[in-house]
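Let me begin by presenting the structure, written as structure tokens, before commenting on it.
Taken together, the values in this text are just the output of simple stated rules run on the coordinates, not laboratory data. Keep in mind that what you see is a predicted model, and the values were worked out from it rather than measured. Every residue, glycine among them, receives a Cβ derived from its backbone with ideal geometry; neighbour counts consider all protein chains shown.
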Amino acid sequence: MLQDQTRNSANLAAPDSVCVLGAGIVGVSCALELQRQGFQVTLIDRSEAVIETSYGNAGVLATSSVLPMNNARLWKSVLPMLLGRSPSLRYQASYLLRNSRWLARFMANANQASDSHRVAALNSLVRQSMTLHQRWLQQAGCEQRLRTTGWLKLYSTQNSFEAAAYERRLLTTAGVDMQILSCEELHQLEPGLQQTYHCATWIKDTASVDNPAQVALAYRQLFIDAGGQFRVADVHRVKHSSLGFELCTFDAQLNCEKLVIALGPWSNDLLSQLDCKLPMAYERGYHQHFSTSAQQPLNRPIHDVDGSYVLTPMEQGYRLSSGVELKERDAPPSPVQLEAVIPNARRAFPLDHPLDQPWLGRRPTLPDALPAIGEVQHCPGLWLATGHHHIGFSTGPATGQLLAQLMSAKQADITAAPFSPNRFF
Ligand SMILES: Cc1cc2nc3c(=O)[nH]c(=O)nc-3n(C[C@H](O)[C@H](O)[C@H](O)COP(=O)(O)OP(=O)(O)OC[C@H]3O[C@@H](n4cnc5c(N)ncnc54)[C@H](O)[C@@H]3O)c2cc1C
């Protein structure tokens, strides 16, 4: 078990004690799977409620999001994006300049060879996560939160549909179940849509949930019910010794033999203290909930490719999510991108009143857009589960399973090598 100690006492971490820092979807999945492998796990988060990235995502378990944003096609669209012609990307030039090394490495991965390798790796995580999500939702008694109706990519023009041909080719190779719908077929499937689209791709084997935060909380409860410890604490300092790790919160010192960093966008705050800083950038994004007076609800999330938004029916209302903002992680919110896409979304579906203020989240992104999952070679006992950018909700459960299998030296269900954190050290 993890030990609370007075500040000057000896480090007495119990064998097999693991501390998982961060109780978003990734951390909670790690805690659950480590517990099931027999470790003594303490899960720690500074917040009792799920309020960060794992709260505010679009709730899509996206088999089709395995092609990272920095793919070979990006070279064709990057100029209009940089010129600010697309609401899908907004950036602060000074942030990009300060992170030019990250940017150069990010763009260096935008080639076909890298794309095939990364699609295969992410596909294995997404597929395994889908199975685990279904199993865990059932175990938690909230399978009703899962919608297995797929999701839709909507195209306003033949040009934008053709521009996605490369993506469709790779997704077909990955075994994604898709159907191209004409304008009429789209109308039959989703009669609530009031805009006329050129065509759509229906990704049929994608699922979605109506409240990602409640899903993460339900998984945390599974962990607690099985005897796991959850603590609310802001960990601001960490030290490593041959005996394990010493964690400092504002009023206590905690020791553990092994440490899992699953702090999403905040991972480097502690990793830098252990000389293990990752090359991480923050793809910020916003959402806002709206009421509707529509007669026909949406039956699945939609991604309007030309309108640059995702709209998901949620428990709280219709959640409108915007594109990517490359800016300092802690810069004040500036939801102009969200404001820009509200009229686009209203053309497609009758959104009435905003139900809350815009929410800001940060997607933690590594240069190859693969998460870091595994032990850090030069810091034995330090395990990472972070860097899940746009698809952490779709890949969290399998991340937890892979990490637990690696930590208990069991045969992993999926190939771990592409995710090794040591590719950065
Ligand atoms: C707008 C938007 C839409 C998205 N849509 C989707 C989608 O549809 N599908 C999908 O798969 N993914 C989506 N994502 C991405 C997904 O949400 C993330 O990849 C995922 O939530 C990351 O989870 P995490 O557990 O790594 O991080 P987080 O959920 O951010 O968790 C990190 C936790 O660390 C805690 N913490 C931080 N510092 C400390 C500290 N010092 N001490 C203790 N605790 C600390 C925080 O409180 C937080 O709970 C979206 C993201 C955004 C922003």
With axes computed from alpha carbons, what is the tilt in degrees of helix 392-407 against the longest principal axis of the chain, rounded to the nearest 10 within 0 to 90?
-> 30
Separation of the LYS76 and GLN357 label points, Cα + 7 Å toward Cβ, nm = 4.1
If you rank LYS327, LYS277 by fewest surrounding Cβ atoms within 10 Å, what's the result?
-> LYS277, LYS327
For ILE51 and LYS277, calculate 0.36 nm times their separation in residues minus their Cα-Cα distance, and state this gained length in nm to one decimal.
-> 78.9 nm
For segment 143-198, what is the Kirkwood hydrodynamic radius in Å, using each pair of distinct C-alpha atoms?
-> 13.0
Among all cysteines in the chain, which have no other cysteine Cβ under 4.7 Å from their own Cβ?
-> CYS30, CYS142, CYS183, CYS199, CYS248, CYS276, CYS379
Checking SER47, SER88, SER77 against a Gaussian network model of the chain (alpha-carbon springs below 10 Å), the top fluctuating residue turns out to be SER77
Taking the Cα centre of the chain as origin, work out the dipole magnitude from +1 charges on Lys and Arg Cβ and -1 charges on Asp and Glu Cβ, in debye rounded to 20.
-> 820
Computed on Cα atoms, Rg of the chain relative to 2.2 N^0.38 Å comes out at 0.97
Length gain on complete extension for the stretch CYS248 to GLU162, per 0.36 nm per residue less the alpha carbon to alpha carbon distance?
-> 25.6 nm
What's the exposure ranking of THR149, THR386, THR172, going from fewest to most Cβ atoms within 10 Å?
-> THR172, THR149, THR386
For segment 242-348, divide the Cα radius of gyration by the Kirkwood radius and give the resulting Rg/Rh value with two decimals.
-> 1.16
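Would you calculate a helix-derived [θ] at 222 nm for the chain, using -39,500 (n - 2.57) for each DSSP H run of n ≥ 4 and dividing by the full residue count, to the nearest 500?
Numbers: 13 runs with 138 residues, N = 425.
That comes out to -9500 deg cm²/dmol.
Would you mind telling me the antiparallel percentage of the DSSP bridges in the chain, rounded to 5?
On the way: 53 of 75 bridges.
Among the beta bridges of the chain, antiparallel pairing accounts for roughly 70 percent.
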What list of ³J(HN,Hα) couplings, whole Hz, do you get for segment 223-238 from phi and the Karplus terms 6.51, -1.76, 1.60, once you set θ to phi - 60° and write x for glycine and proline?
-> 5, 5, 4, 8, x, x, 9, 10, 10, 8, 7, 8, 8, 10, 8, 9
Inverting the mean 1/r over all pairs of different Cα atoms, compute the Kirkwood radius of segment 255-315 and quote it in Å.
-> 15.9
Hypothetical label at HIS187: residues of segment 331-366 whose amide nitrogen lies under 17 Å (7 Å Cα-Cβ projection) = 348-350
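Assign one of three labels to segment 365-425, namely rounded, prolate or oblate, based on the Cα gyration tensor with a ≥ b ≥ c the square roots of its eigenvalues; rounded applies when a/c is under 1.5, prolate when it is not and a/b is larger than b/c, and oblate otherwise.
Oblate.
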Under Karplus coefficients 6.51, -1.76 and 1.60, residue-wise ³J(HN,Hα) of segment 130-139 in Hz, glycine/proline x | 4, 4, 5, 4, 4, 5, 5, 4, 5, 4
Whole-Hz Karplus couplings 3J(HN,Hα) for segment 248-262, θ = phi - 60° and coefficients 6.51, -1.76, 1.60, Gly and Pro as x, run 10, 9, 6, 10, 7, 10, 10, 10, 8, 7, 10, 10, 10, 9, 10
Put a dot 7 Å past each Cα toward the Cβ at GLN229 and GLN377; how far apart are the dots in nm?
-> 3.4
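How do ILE224, ILE414 line up, fewest other C-beta atoms within 10 Å first?
Sorted ascending by nearby Cβ count, the order is ILE224, ILE414.
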